[in-house]
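Read through the structure below, which is laid out as structure tokens, and then see the notes.
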Amino acid sequence: MSIPTAELEYLRLSYRPDLRILFLRWTRLVSSAEHRAGYQAALRFAQPHQAGHWLIDLRIRGLAEAEDFAWIITTFRQEMQRVLPAVAFRIAYLVTPYQQELINSRLVSQETMFRTFVEEQSAYQWLAQSHSTNE
């Protein structure tokens, strides 16, 4: 099985067709411009696969600034839905326990598109569960 990949200086992208998950693995700390460019690159990479289930590894990159996080939740979310209108999105963040606490404090309690995980297997299960309920 061929696994499509792409690499930026600070981000590795791969798509696992067997899991139907797009992986974003940040490889270093990034500026605000790189943060946004990385998400834009991921969306372009997701298009041919119609990939709406993303696992984003933030453990190396660290947390985004509050305004960049707000950009993801509002502006980028709308762009995702515009670019891939027929796709149901779920974004699983793989984080450290400290990051999880901070990100969860920034998310509203009704949020269903974004979720944080400390263990990768739990993220896979959540993403796989949503595939079975979307079909």
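Here is how the numbers come out for the structure above:
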item: Relative contact order (percent, whole number), the range 19-135, Cα cutoff 8 Å, 6+ residue spacing; result: 27 percent
item: Positive minus negative residues near W71 (Lys, Arg vs Asp, Glu; Cβ under 14 Å); result: -2
item: Distance in nm between pseudo-label sites at L63 and M113 (7 Å out along the Cβ direction from Cα); result: 2.1 nm
item: Inverse mean reciprocal Cα-Cα distance (Kirkwood Rh) of the chain, Å; result: 15.0 Å
item: Spin-label model distance (nm) - Q81 vs W126, 7 Å beyond Cα toward Cβ; result: 2.0 nm
item: Listed peptides 45-53, 63-71 by packing density, highest first (mean Cβ within 10 Å); result: 45-53, 63-71
item: Calculated FRET efficiency for the pair T27/S2, C-beta based, R₀ 25 Å, to 0.05; result: 0.65
item: Packing-based order for 33-39, 82-88, using average beta carbon neighbours within 10 Å, highest first; result: 33-39, 82-88
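Rule-based calculations on the coordinates, nothing more; no lab input. Predicted, not measured: the structure shown is a model, and the values here were computed from it. With ideal geometry, Cβ positions are generated from the backbone for all residues, glycine too; neighbour counts draw on all protein chains shown.
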